[in-house]
Amino acid sequence: PMWFFPIAIATGNTVVLKPSEKDPTASLWIAKLWAEAGLPAGVFNVLQGDKTAVDELLTNPKVKSVSFVGSTPIAQYVYATGTAA
């Protein structure tokens, strides 16, 4: 879903990327590149964690939009949890 980062940022939004807890390396590298490019702190964020972090993102009223890439069963969980509020 990397194509939406610049669109979200250009339209005045912040981004919270929650990578797989098994391999967050690429996400941290991308965050470092954004910082080196001069993006202000807090605009592009990497949140590491497991299902607890996912649930907080999906149920937090401050989160207005979610994008997901992954398996169908997890996508169904993301949809059901994120739209339950």
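All of the numbers you see were taken from the coordinates with simple rules; none came from a lab. The structure presented is a predicted model; accordingly, all values stated were derived computationally and were not measured. For neighbour counting, all protein chains shown are included, and Cβ atoms are generated from backbone atoms with ideal geometry for every residue, glycine included.
With contacts defined as alpha carbon pairs under 8 Å and 6 or more residues apart, what's the relative contact order of the chain in percent? Show your work: numbers first, answer last.
On the way: 61 pairs, mean separation 24.3, N = 85.
Relative contact order, the chain: 29 percent.
From the Kirkwood radius over Cα pairs of the chain, Stokes-Einstein at 20 °C and 1.002 mPa s returns a whole-number translational diffusion coefficient of 156 µm²/s. Computed from Cα positions, the angle between helix 72-82 and the longest principal axis of the chain comes to roughly 90 degrees. Estimated at 0.36 nm per residue, the fully extended path between GLN76 and ALA41 surpasses their Cα-Cα distance by 9.4 nm. Dividing the helix sum by the residues of the chain, where each DSSP H run of 4 or more adds -39500 (n - 2.57), gives a mean residue ellipticity at 222 nm of -13500 deg cm²/dmol. Between the helical axis of 25-36 and the dominant principal axis of the chain, each derived from Cα atoms, what acute angle in degrees is found, rounded to the nearest 10? The helix 25-36 is inclined about 40 degrees to the chain. Within straight-line reach of LYS22, meaning a Cα separation under 24 Å, sit the following lysines at least 8 residues removed in sequence or on another chain: LYS32, LYS51.
Near VAL54, within a Cβ-to-Cβ distance under 13 Å, what is the net charge of the other residues, with Lys and Arg +1 and Asp and Glu -1?
Working: positive: LYS18, LYS51; negative: GLU21, ASP50, ASP55, GLU56.
The answer is -2.
Charges only on Cβ, +1 for Lys and Arg, -1 for Asp and Glu: so what's the dipole of the chain about the Cα centre, in debye to the nearest 20? Mind showing how you got there, number by number?
Numbers: 6 positive and 6 negative charges, 31 e Å.
The calculated dipole for the chain is roughly 140 debye.
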